[in-house]
Amino acid sequence: MEKNYILNTKDRWYIPFRTIYNSSFPLHEQRTEEQQIKAFAHPAYRLQITTENENLLSFISYWEFDSYIYIEHLAVNPGFRGNNRGSQLLQDFTSGQPKTVLLEIDPLIDDISRRRFEFYKRNGFYDNPYPHFHPSYRQEFPAHELIVLSHNKQISRKEYEQFKTDLEEVVMKF
């Protein structure tokens, strides 16, 4: 397996990434092409991919801030799911990471959302007690409620407020 970064929409891996991205996230959680181009231009944004034998296996798009890393999107290619690939992806990403890693998941309303929460819990993530609404990527959709998870510990109210500010003023600025 190889790890690389997609730096722009001209990268050879961009179309395979976008195919997995579009099939893994609902429309209201997807960046438009224009928003993606603007994210690539921001110095805090990274799009890390894992490839093997000319196949895109997985990706993590994230924002690196001074005191934490925010995983915006993470997905494993549906054709390569199973065999603990998602857990391995997360463990490789968080292993030895001195900064707190944050991500968001849907509220626990059904078996799928509960299983997703258990997956992250098994991989060292904790839920945080702060009511949280993620701004919409598209104007036709309202903000949506999510749960903020943090790796290896719960975050303080101050840390949450910093994340919320960065989410609104940096990540979703576009």
Compute and list, largest first, the equivalent-ellipsoid semi-axes of segment 51-174 from the alpha carbon gyration tensor, each √(5λ) rounded to a whole angstrom.
23, 17, 16
Pop a pseudo-label 7 angstrom from the Cα along the beta-carbon direction at both ASP110 and LEU146 and give the gap in nm to one decimal.
1.9 nm
Between ALA41 and SER156, how many nm apart are label points set 7 Å from Cα along the C-beta direction?
3.6 nm
Expected field for THR94, accessible surface area in Å² at 1.4 Å probe radius, rounded to 10, holds 10 Å²
Volume in Å³ per residue [convex hull over Cα atoms, computed for segment 1-64]
81 Å³
From Cα pairs below 8 angstrom and at least 6 apart in sequence, can you work out the relative contact order of the chain, rounded to a whole percent?
18 percent
Added length on full extension, which subtracts the Cα-Cα distance from 0.36 nm per residue, ASN84 to ASN4
26.8 nm
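Ordered by packing density, taken as the mean number of other Cβ atoms within 10 Å over each peptide's residues, highest first, how do 57-66, 135-144, 155-164 rank?
Averaged packing, sorted descending, gives the order 57-66, 155-164, 135-144.
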Of the listed peptides 68-74, 10-16, 84-90, 107-113, what is their order by residue-averaged count of other C-beta atoms within 10 Å, with the highest listed first?
68-74, 84-90, 10-16, 107-113
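Assuming R0 = 22 Å, what is the FRET efficiency of LYS121 and PHE25, from their Cβ-Cβ distance, to the nearest 0.05?
Details: r = 21 Å, r/R0 = 0.96.
Computed FRET efficiency for LYS121 and PHE25 comes out at 0.55.
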Expected unfolding gain across LYS164-ARG12 under the 0.36 nm per residue rule, minus the alpha-carbon gap, is 51.4 nm
What list of ³J(HN,Hα) values in whole Hz, one per residue of segment 71-77 in order, does the Karplus curve 6.51 cos²θ - 1.76 cosθ + 1.60 (θ = phi - 60°) give from phi, with Gly and Pro shown as x?
7, 7, 9, 8, 7, 10, 3
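The values are calculated or read from the model by the stated rules, or taken from the named source; none is laboratory data. It should be emphasised that the depicted structure is a prediction, and the values quoted were computed from it without experimental measurement. When we count neighbours, we look across all protein chains shown, and the Cβ atoms used for this are built from the backbone with ideal geometry, even at glycine. The accessibility values were calculated without ligands, DNA or RNA, using every heavy atom of the protein model including side chains. Shrake-Rupley method; radii C 1.70, N 1.55, O 1.52, S 1.80 Å.
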